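This report refers to the structure that appears directly beneath it.
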Amino acid sequence: MERGKLVVFEGSEGAGKSTQLRMLASRLSAAGIPVVPLREPGGTAVGDMIRAILLDPPNEMSAATEALLFMGSRAELVRREIQPALKRGDVVLMDRFFLSTYAYQIAGRGLSEEDVRAANCLATEDLVPDLTIVLDFPVAEGIERVSLRGSHDRIERSSSDFHERVERGFAESVTATWQKAHPECGPIIKVDGRGSRDDVSDRVVAALHRAMPRRFAALMEDAAG
């Protein structure tokens, strides 16, 4: 059986990644492609408890504690959910993965890249995504979107300077120079996140097919039909 594919959605707050992941999961299912949608942090019993700790606004913590909690959730998710799904041949769609750690904890919080990369290697068991899609959306508009949803979680409440550093981290990650220096992240592409949800979804599907045409041929056939 052919091994499955790991596709990650990334982007700054409010970029639309969760919406686009759900839409892609529906399109994959409709095309008869087995799909497993997951999110970080969370996705396991331990991960969900860690998620509550990380995102609850009253929980103050150091940047190192924050990063290590994300790593703990990730280690559980990789071992218990992602690897088994890939072995079954499923497509795993991740709402954030370790590129977020690079953007938020290295670019945003200022942690040592060397230390974070080493910890991430332990958490992921050297798992490399087949494709990471970074949704490009203006950070100020994204934060405004988040505000319309109601209360903010602990990370969403961070300063505007922090979110701008995160956005710059994501922008750097789509460059060839950065990707060459970070092979553990796999191929990363930028998709324009502006416009209607359907327009963005079509761009995501087109990008996925360009990256892995044989694996996702059925998805394009379904779209044409």
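Summary table below
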{"read-out": "Per-region count, the range 1-13, residues of a type outside the set (S, T, N, Q), crowded, with 24+ Cβ neighbours inside 10 Å and within 23 Å of Arg165 (Cα to Cα)", "value": "4"}
{"read-out": "So Ala45, is it surrounded by fewer than 20 Cβ atoms within 10 Å (Cβ to Cβ) and farther than 19 Å from Phe170 by Cβ", "value": "yes"}
{"read-out": "Residue in the range 23-34 that is at negative phi, surrounded by 15 or more Cβ atoms within 10 Å (Cβ to Cβ), in contact (Cβ under 8 Å) with a residue 40 or more places away in the chain and outside any helix (DSSP H, G or I) present", "value": "yes"}
{"read-out": "Helices (runs of 4 or more DSSP H) enclosed by the range 103-217 - at least 3 residues per element that are under 20 Å from Lys17 (Cα atoms)", "value": "139-148, 160-173, 197-211"}
{"read-out": "Options Arg154, Arg214: the member that is within 28 Å of Val35 (Cα to Cα) and surrounded by fewer than 17 Cβ atoms within 10 Å (Cβ to Cβ)", "value": "Arg214"}
{"read-out": "Condition check for Phe9: under 30 Å from Met220 (Cα atoms) and modelled with pLDDT of 95 or more", "value": "yes"}
{"read-out": "Glu40, sole failed condition from (1) under 23 Å from Ser159 (Cβ atoms); (2) without any contact (Cβ under 8 Å) to a residue 24 or more places away in the chain; (3) acidic (Asp, Glu)", "value": "(2)"}
{"read-out": "Single residue of Gly47, Gly14, Gly43 found to be in a loop (DSSP other than H, G, I, E, B), over 24 Å from Leu148 (Cα atoms) and in contact with an Asp or Glu (Cβ under 8 Å, 6 or more places away or on another chain)", "value": "Gly43"}
{"read-out": "Test set (1) surrounded by 13 or more Cβ atoms within 10 Å (Cβ to Cβ); (2) free of Cβ contacts under 8 Å to residues at least 24 places away in the same chain; (3) among the basic types (Lys, Arg) - Arg145 fails condition number", "value": "(2)"}
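The values are calculated or read from the model by the stated rules, or taken from the named source; none is laboratory data. It should be emphasised that the depicted structure is a prediction, and the values quoted were computed from it without experimental measurement. Backbone-built Cβ (ideal geometry, glycine too); neighbour counts: all protein chains shown.
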